[in-house]
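Input: a single structure, listed below in structure tokens.
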Amino acid sequence: MTKMTDAALYPYLKSIIDTDRSAVVVCNLQHEIIYMNPVAVERYKKWGGAELLGRSLLDCHTPASGERIEQVLSWFRESETHNIIYTFHNEKENKDVYMVALRDTENVLIGYYEKHEYRNRETDSLYHFNP
């Protein structure tokens, strides 16, 4: 088996993000929203949905949240091993929220995204094939 090039791997990685049931919003280091998966577009519809692409994530947060985001980015820059940090628990949706570093092939920080981990037990039956 041969190693796939980054270009060949791209459709697989995009598919993983696009089919995730959680909202995924990817930002570059200037805090510009560069990608939103379909769930994120729908979740943030009342704030503009896909129109948020190209805008600053900081426009969607309070100044205090913006300061925290900057603190996390500084921490990500300190070490290549600083890649994920717990930021919030959403009691209403029973989920933990993390900020995750995105790094290139040389392990240089290139951006970040927010990861949501829901804590509710799955209610669907195993291998339920109907959508």
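The values are calculated or read from the model by the stated rules, or taken from the named source; none is laboratory data. Since this is a predicted model, take the numbers as computed values, not measurements. Reconstructed Cβ throughout: ideal geometry from the backbone, glycine too, with neighbour counts over all protein chains shown. To get the accessible areas, we keep the full protein, side chains included, count just its heavy atoms, and leave off ligands, DNA and RNA. Shrake-Rupley method; radii C 1.70, N 1.55, O 1.52, S 1.80 Å.
Observations, loosely collected:
- Relative packing of 30-43, 4-17, which averages over residues the other C-beta atoms within 10 Å, highest first: 30-43, 4-17
- Taking all protein chains into account, the per residue accessible area for the stretch 1-115 stands at 68 Å² (1.4 Å probe).
- Heavy-atom surface analysis with a 1.4 Å probe gives the chain a carbon and sulfur content of 56 percent of its accessible area.
- Lysine pair number, Cα distance threshold 30 Å (strictly under), the chain, separation 8 or more or different chains: 15
- Dipole axis of the stretch 1-130 (+1 Lys, Arg; -1 Asp, Glu on Cβ), positive-most option in V39, T105, V25: V39
- Pair-distance distribution of the chain: all C-alpha pairs, bin width 10 Å, starting at 0; shares per bin in whole percent are 11, 36, 36, 15, 3.
- The residues packed around T87, meaning those with a beta-carbon under 10 Å from its beta-carbon, carry a net charge of 0 if Lys and Arg are +1 and Asp and Glu are -1.
- The mean of 1/r over all pairs of different alpha-carbon atoms in the stretch 47-113, once inverted, gives a Kirkwood hydrodynamic radius of 13.4 Å.
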